[in-house]
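For reference, the structure is listed below as structure tokens.
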Amino acid sequence: MKTNNLVLLFMLAVGLSSAESTGQAGPIPADCRTGGFALGCQAWTFHEYTVLAAIDKTAAAGGKVIELYSGQKFSPEKPGVVFDHNASDEIIAELKARLQKDGIHAVNYGVVAIPNNETEARKIFDFAKKLGLYGITTESVESLDVIEKLVKEYDIRVGFHDHPRRPSDPGYKMWDPNYVLSVVKHRDPRIGATADVGHWVRSGLNPVDCLKILKGRVISVHLKDLNEKSPNAHDVPYGTGVCDVRAFSTN
């Protein structure tokens, strides 16, 4: 296993959402939940494989949900097809069939750029609606007004994801949970954070503190574990690294 390339992460897609406190029902079935959370894989975990293989492997690992991403090869039988929100009805039908076969529920899509153009952004929301997704993961803060309009129209959540701090790019602020909170706190409650705890560690932050800052605004969580606390840390099997795994469940 090449842990320097293979991103090992999981998604908590329910239970932390502020939308749940408003009584809005998400499309995640009860049988996908364990202790109130939907636990599964981000398809990037299996980015060296195809989309259909990622679904199979998520099921084999005991996951119940999956977050799809843009740009993954679809299947060995269709080597020229790259999966994204422009997928044909035929590809979507084949995807749904594999999800049903494996007992996996697609819940999120991203990280994907959402254009600051309603017509183009709507394509992503239409795709999410076709798949019955709970949410979309993005970092497109410049499109926030368009995003909020479509979130209200489609009743689909949007989580702003954090990549690590970029010392050479002070304009990148998504690594900072205080910034993410400032972006989402006055917006529709279905807009919040997709918290990547591994990237917070790479940024020199304490993930538990970050989650507390974003309390009530966490849409989903990418749970990772790292070999060390440094910007150059690589992912390791969850529970074997430096992240305080137990603290996530007790705070």
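The values are calculated or read from the model by the stated rules, or taken from the named source; none is laboratory data. From a predicted model like this one, the values you see are computed outputs, not experimental measurements. Every residue, glycine as well, gets a Cβ built from its backbone with ideal geometry; the counts of neighbours run over all protein chains shown. Protein only, heavy atoms only, side chains kept; ligands, DNA and RNA dropped before computing areas. Shrake-Rupley method; radii C 1.70, N 1.55, O 1.52, S 1.80 Å.
Of the set (1) open to solvent by less than 30 Å² (accessible area, probe 1.4 Å); (2) at pLDDT below 95; (3) more than 24 Å from CYS243 (Cα to Cα); (4) touching a strand residue (DSSP E or B) at 6+ places or on another chain (Cβ under 7 Å), all apply to GLY26 but (4). Return the only residue of LEU99, LEU95, LEU144, LEU133 being in contact (Cβ under 8 Å) with a residue 12 or more places away in the chain, in contact with a helix residue (DSSP H, G or I) (Cβ under 9 Å, 6 or more places away or on another chain) and under 19 Å from HIS222 (Cβ atoms). From the options LEU99, LEU95, LEU144, LEU133, the qualifying one is LEU133. The set of residues in the stretch 136-187 being of a type in the set (S, T, N, Q) and open to solvent by 40 Å² or more (accessible area, probe 1.4 Å) consists of SER168, ASN178, SER182. Test ALA19 against the stated conditions and say whether it is touching a Ser or Thr at 6+ places or on another chain (Cβ under 6 Å) and at pLDDT below 95. No, not satisfied. Filter the stretch 55-72 for residues that are outside any helix (DSSP H, G or I), touching a helix residue (DSSP H, G or I) at 6+ places or on another chain (Cβ under 8 Å) and open to solvent by less than 60 Å² (accessible area, probe 1.4 Å) and give the result. VAL65, ILE66, GLU67, LEU68, TYR69, GLN72 - these are the residues of the stretch 55-72 that are outside any helix (DSSP H, G or I), touching a helix residue (DSSP H, G or I) at 6+ places or on another chain (Cβ under 8 Å) and open to solvent by less than 60 Å² (accessible area, probe 1.4 Å).
Would you mention how many residues in the stretch 81-128 are in contact with a Lys or Arg (Cβ under 9 Å, 6 or more places away or on another chain), part of a strand (DSSP E or B) and either within 17 Å of SER143 (Cβ to Cβ) or open to solvent by 20 Å² or more (accessible area, probe 1.4 Å) (or both)? Here the count works out to 3.
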